[in-house]
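Visitor: This is the structure, below, for whatever I ask next.
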Amino acid sequence: MAGFKIPSTEPVFLAIVALHIPLGVAGAITGAVAMLSSKGPGRHPTFGTVYFWSIVAIFLSATTLSVMRWTEDYHLFVLGTLTFAAAYVGRTARRQQRPGWARLHIVGMGSSYALLLTAFYVDNGKQLPLWRELPVWSYWTLPALVGVPLILWTLFRHPVVKRSSDPKRTDC
């Protein structure tokens with residue numbers, strides 16, 4: 001399919017993959033738009049909400065695909081679970097807005113995005129130009145090696161983090 005080897009020809013598996021792929025693309029795009037948008041009402045929360053629900057759907061489809069080929073794909077279930085959990089923590093922090101919520105929101109959502117990319121590269125890296133030339137361990141580590149410094153930079157630089165740490169502020 002589109003130059004990618006699909007590990008099963010079972011019709012149910014293929015149908016779920018046909019849903020999983022556009023969900024993954026939607027998650028990657030909406031997550032990037034949310035991250036790069038100005039924070040506050042409008043684009044950031046709209047795309048962030050679509051990103052979160054994309055992650056929920058990706059988690060459900062990835063879980064189903066993993067169960068169908070458990071021996072080969074259990075690690076993708078683990079990555080999917082971690083991705084969903086991180087996104088859930090990030091979204092919950094934003095919705096509850098307790099003091100310091102922005103830090104937890106940034107770490108949760110940023111980690112979920114890095115884990116989403118990790119799962120993609122672990123599953124598909126060996127079939128991608130450039131990535132197929134890299135050692136397998138790089139599929140597991142490069143998204144974090146890029147994502148963690150960006151998350152840390154945001155934690156130390158973003159004004160929303162400073163405002164959200166003030167328990168007297170309610171305008172964040």
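Visitor: Within segment 66-102, take every residue that is of a type in the set (K, R) and in contact with a helix residue (DSSP H, G or I) (Cβ under 6 Å, 6 or more places away or on another chain) and give me the one that is most open to solvent (accessible area, probe 1.4 Å).
Guide: It comes out as R94.
Visitor: While we're on this one: Quick check on this structure: which one of G108, G147 is within 19 Å of the chain's Cα centre (by Cα), closer than 30 Å to P7 by Cα and not charged (D, E, K, R)?
Guide: Residue meeting the stated conditions: G147.
Visitor: Oh, and also: In this structure, does F120 turn out to be in a helix (DSSP H, G or I), without any contact (Cβ under 8 Å) to a residue 24 or more places away in the chain and under 15 Å from I55 (Cβ atoms)?
Guide: It is false that F120 is in a helix (DSSP H, G or I), without any contact (Cβ under 8 Å) to a residue 24 or more places away in the chain and under 15 Å from I55 (Cβ atoms).
Visitor: Of the residues in segment 117-129, how many are open to solvent by 20 Å² or more (accessible area, probe 1.4 Å) and either under 17 Å from the mean Cα position of the chain (by Cα) or at pLDDT 95 or above (or both)?
Guide: Matching residues across segment 117-129 total 6.
Visitor: Another question, if that's okay. If the requirement is being in contact with a helix residue (DSSP H, G or I) (Cβ under 7 Å, 6 or more places away or on another chain) and modelled with pLDDT of 95 or more, which of these qualifies: T63, T49?
Guide: Step by step, each of T63, T49 is checked, and only T63 is in contact with a helix residue (DSSP H, G or I) (Cβ under 7 Å, 6 or more places away or on another chain) and modelled with pLDDT of 95 or more.
Visitor: In this structure, does S138 turn out to be surrounded by 14 or more Cβ atoms within 10 Å (Cβ to Cβ), of a type outside the set (K, R) and in contact with a Cys (Cβ under 9 Å, 6 or more places away or on another chain)?
Guide: When the stated conditions are applied, S138 does not pass them.
Visitor: Next question, about the same structure. Pairs needed: first member in segment 4-32, closer than 19 Å to G80 by Cα; second member anywhere, surrounded by fewer than 17 Cβ atoms within 10 Å (Cβ to Cβ) and of a type in the set (K, R); C-beta distance under 8 Å; at least 6 residues apart or different chains.
Guide: If the second residue must be surrounded by fewer than 17 Cβ atoms within 10 Å (Cβ to Cβ) and of a type in the set (K, R), the pairs left are P7/R69; F13/R69.
Visitor: Which residues, taken from segment 53-64, are crowded, with 21+ Cβ neighbours inside 10 Å and touching a residue at least 40 places away in the same chain (Cβ under 8 Å)?
Guide: Selection gives I55, I58, A62.
Per-residue answers, yes or no, for (1) touching a residue at least 60 places away in the same chain (Cβ under 8 Å); (2) assigned to a helix (DSSP H, G or I); (3) more than 29 Å from E10 (Cβ to Cβ); (4) under 12 Å from the mean Cα position of the chain (by Cα):
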{"residue": "V67", "(1), (2), (3), (4)": "no, yes, no, no"}
{"residue": "T83", "(1), (2), (3), (4)": "no, yes, no, yes"}
{"residue": "Y88", "(1), (2), (3), (4)": "no, yes, yes, yes"}
{"residue": "R95", "(1), (2), (3), (4)": "no, yes, yes, no"}
{"residue": "R103", "(1), (2), (3), (4)": "yes, yes, yes, no"}
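The values are calculated or read from the model by the stated rules, or taken from the named source; none is laboratory data. Everything numeric here is computed off the predicted structure, so don't read it as measured data. All Cβ positions, even for glycine, are placed from backbone atoms using ideal geometry, and neighbour counts span all protein chains on display. Heavy atoms of the whole protein, side chains included, go into the accessibility calculation; ligands, DNA and RNA do not. Shrake-Rupley method; radii C 1.70, N 1.55, O 1.52, S 1.80 Å.
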